[in-house]
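Peer 1: Next up is a structure, given as structure tokens.
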Amino acid sequence: MRAFLRSTGLTTALLLPTTLPAADAPDLEGLYAPYQQILDAHLIEKKLDGGGLVSAFDYDAAMADPATDERLGKQKEALAEFDPEQLEDRLAATAFWINAYNFFMLQHILENPINGAPVDSVKEYGSFFNPYKVFSRKLFAVGGRNYSLDNIEKGVLLGDDYAERGWKDARVHFAVNCASVGCPPLRSGIYTADNVDALLDENTRRALSTPYHLQRDGDTLLLTQLFEWYAADYRAEADAIRDWLLRFADAPTAEKIRSTSAIDFIEYDWRLNRPENFPELAR
């Protein structure tokens with residue numbers, strides 16, 4: 001069941017072109033200014049000993065903030081009017097869609113409380129038979145077309161078209177944020193063509209330096225279930241999962257990887273990524 005680690009591909013990072021963004025690339029900082037204001041007001045980031053990073057979003061404060069509704073409205077309008085066909089550069093396109101995914105996830109939670117409060121988990125938007133329904137609903141408008149979160153992540157960023165262009169990049173799994181404790185951290189700044197490549201490396205390294213994504217238990221390496229669910233994306237980039245991990249791991253994490261021979265997975269924590277659910281933020 002877990003023998004998914006064979007491939008002959010090189011890392012996407014090595015295959016991707018190193019072109020600089022075009023001079024007329026979209027101004028993502030301007031486009032995502034309302035979203036940045038929401039992050040500035042209500043996101044908490046904390047660096048951990050050992051190089052890790054956790055972040056939490058204060059949904060209660062954001063819902064009580066009189067500026068939130070206006071910021072959400074402005075950002076939704078800007079994205080509904082934006083034509084994604086103008087994203088002709090890998091870096092700008094990747095940054096744009098990561099920001100879109102992360103904003104839409106936040107927007108949905110902030111605009112859809114249950115009994116006047118934020119949900120305890122995004123699974124509350126689903127049902128017993130489909131607890132992950134929030135990811136498949138086409139609720140989010142970009143350029144006159146409605147997208148689901150799955151459309152953005154799996155259909156665009158990790159889809160066939162980007163794969164054919166050489167743009168597909170498994171590091172994206174460490175940038176899109178599903179508003180859950182088990183997700184890689186939501187970052188305090190938006191992604192741009194200038195910073196996205198470096199942040200994808202940094203996000204991966206820092207996530208792997210936290211117990212939410214990588215642990216050692218004797219001879220067993222415990223990994224986030226991202227490596228179970230999206231095995232094909234990693235398989236396309238490395239001969240073995242350890243090879244992929246070692247490209248981004250810092251020295252202490254690399255030692256954990258090399259000193260184990262078995263792999264298992266950490267049960268994903270779907271609790272909402274609010275401050276109360278991160279003990280690190282209380283210290």
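The values are calculated or read from the model by the stated rules, or taken from the named source; none is laboratory data. Model, not experiment: these values are computed from the prediction. Here the Cβ is made from the backbone with ideal geometry for all residues, glycine too, and neighbour counts use every protein chain on show.
Peer 1: Name the single residue, out of those in region 117-130 being loosely packed, with under 15 Cβ neighbours inside 10 Å and part of a loop (DSSP other than H, G, I, E, B), that is modelled with the highest pLDDT.
Peer 2: Applying the filter and picking the extreme gives ASP120.
Peer 1: With touching a helix residue (DSSP H, G or I) at 6+ places or on another chain (Cβ under 7 Å), free of Cβ contacts under 8 Å to residues at least 40 places away in the same chain and not polar (S, T, N, Q) as the only criterion, which of ASP161, ASP169, ASP150 stands out? Don't jump to the end; show me each part of the working.
Peer 2: Working: ASP161 fails: touching a helix residue (DSSP H, G or I) at 6+ places or on another chain (Cβ under 7 Å); ASP169 fails: free of Cβ contacts under 8 Å to residues at least 40 places away in the same chain.
Of the residues listed, the single one that is touching a helix residue (DSSP H, G or I) at 6+ places or on another chain (Cβ under 7 Å), free of Cβ contacts under 8 Å to residues at least 40 places away in the same chain and not polar (S, T, N, Q) is ASP150.
Peer 1: Quick one: how many residues across region 107-147 are touching a residue at least 12 places away in the same chain (Cβ under 8 Å), among the charged types (D, E, K, R) and farther than 27 Å from GLU85 by Cβ?
Peer 2: Count: 3.
Peer 1: Filter region 41-55 for residues that are out of contact with any Asp or Glu (no Cβ under 7 Å at 6 or more places or on another chain) and either at pLDDT below 95 or not small (Gly, Ala, Ser) (or both); which is nearest to ALA179 (Cα to Cα)?
Peer 2: LEU43
Peer 1: Could you list, in sequence order, all residues of region 143-161 that are under 18 Å from the mean Cα position of the chain (by Cα) and small (Gly, Ala, Ser)? I'd like the intermediate steps shown before the answer.
Peer 2: Step one: list which residues in region 143-161 are under 18 Å from the mean Cα position of the chain (by Cα), which gives 147-159.
Once the filter is applied, which keeps residues that are under 18 Å from the mean Cα position of the chain (by Cα) and small (Gly, Ala, Ser), region 143-161 yields SER148, GLY155, GLY159.
Peer 1: Hey, another quick one. Filter region 30-77 down to residues that are surrounded by fewer than 14 Cβ atoms within 10 Å (Cβ to Cβ) and in a loop (DSSP other than H, G, I, E, B), then give me how many there are.
Peer 2: 4
One line per residue, one yes/no per condition, for (1) more than 17 Å from the chain's Cα centre (by Cα); (2) crowded, with 19+ Cβ neighbours inside 10 Å; (3) part of a loop (DSSP other than H, G, I, E, B):
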{"site": "LEU79", "(1), (2), (3)": "yes, yes, no"}
{"site": "LEU91", "(1), (2), (3)": "no, yes, no"}
{"site": "ARG137", "(1), (2), (3)": "yes, no, yes"}
{"site": "ALA141", "(1), (2), (3)": "yes, no, no"}
